[in-house]
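Worksheet: the structure to be examined is printed underneath.
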Amino acid sequence: MKHLLSLLIFLAMGYSYSLAQGSYKLAVLKYNGGGDYYANPTALPNLIRFCNTNLSMGISKDVPYVEVGSPDLFQYPFVHMTGHGNVVFSSSEAENLRTYLLGGGFLHIDDNYGMDEFIRVELKKVFPNNELVELPYTHEVFHQKFDFNGLPKIHEHDGKRPQAFGIIVDGRLICLYTYETDISDGWENQEVHNDSREKRDQALRMGANILMYAFMQ
């Protein structure tokens, strides 16, 4: 219901989600600063395939890149962001992203190892008065179709525990930041990282939970 109300807000603002033939359309966020926004090119397509096959979610297979400051951002109810390095949002880009999120959009950021110190600074430009808060294991995002006690650990890197952070506005989680999990690496083609079947299944199931939560809240 909340998602439907958010959709009506978007329409009133002159924007529209691309829901042709009942399909949601997702996108990957393109940002400036030199970070590799294009990392994990097979990740979101594989997650979409998993969700459509196993959960009949009807998501479009087309996954474009969309720039932070573009009005095209408002065509997509869910946008995924990843990378290993620097991220820079201009003031106009931060404003555009804030409008998108407050209007009903959802942003999932997955630190692909090396993004953390940069994205935290840039998110303060978007929401200077809202802190990233760690989500408890009881949060609904972990208990959609699949039950998890927090994020799965896909790649070790520094050996830290995986953490899920969020920006919550008026009780709504509008931005999910997954850290020290590399969950989107687990969505990639098996030959890219040679992850085990178990790890990939964990990543895809948690990814499905994220999409379900974003669409249904």
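The values are calculated or read from the model by the stated rules, or taken from the named source; none is laboratory data. In this text the structure is predicted, and so the values were computed from the model without any measurement. Cβ: placed from backbone, ideal geometry, glycine included. Neighbour counts: every protein chain shown.
Annotation: of all residues in region 2-32 being surrounded by fewer than 20 Cβ atoms within 10 Å (Cβ to Cβ) and at pLDDT 95 or above, the one that is nearest to Pro77 (Cα to Cα) is Lys30.
For region 33-59, a residue qualifies if it is among the polar types (S, T, N, Q) and either outside any helix (DSSP H, G or I) or at pLDDT below 50 (or both), and the qualifying residues are Asn40, Thr42, Ser56.
Filtered by the rule that a residue be under 26 Å from Met216 (Cβ atoms), outside any strand (DSSP E or B) and without any contact (Cβ under 8 Å) to a residue 40 or more places away in the chain, region 60-69 gives Lys61, Asp62, Val63, Pro64, Val68. Examine region 70-82 for a residue that is polar (S, T, N, Q) and in a strand (DSSP E or B), and state whether such a residue exists. Yes, region 70-82 has at least one match.
Taking (1) under 15 Å from Gly207 (Cα atoms); (2) under 17 Å from the mean Cα position of the chain (by Cα) in turn, Leu73 satisfies each apart from (1). Among the residues of region 140-175, those identified as over 23 Å from Arg200 (Cβ atoms) and outside any strand (DSSP E or B) are Glu140, Asp170, Gly171.
For first residues located in region 179-207 and closer than 13 Å to Pro152 by Cα and free of Cβ contacts under 8 Å to residues at least 24 places away in the same chain, partners that are part of a loop (DSSP other than H, G, I, E, B) and hydroxyl-bearing (Ser, Thr, Tyr) and lie 6+ apart or on another chain with Cβ distances below 7 Å do not occur.
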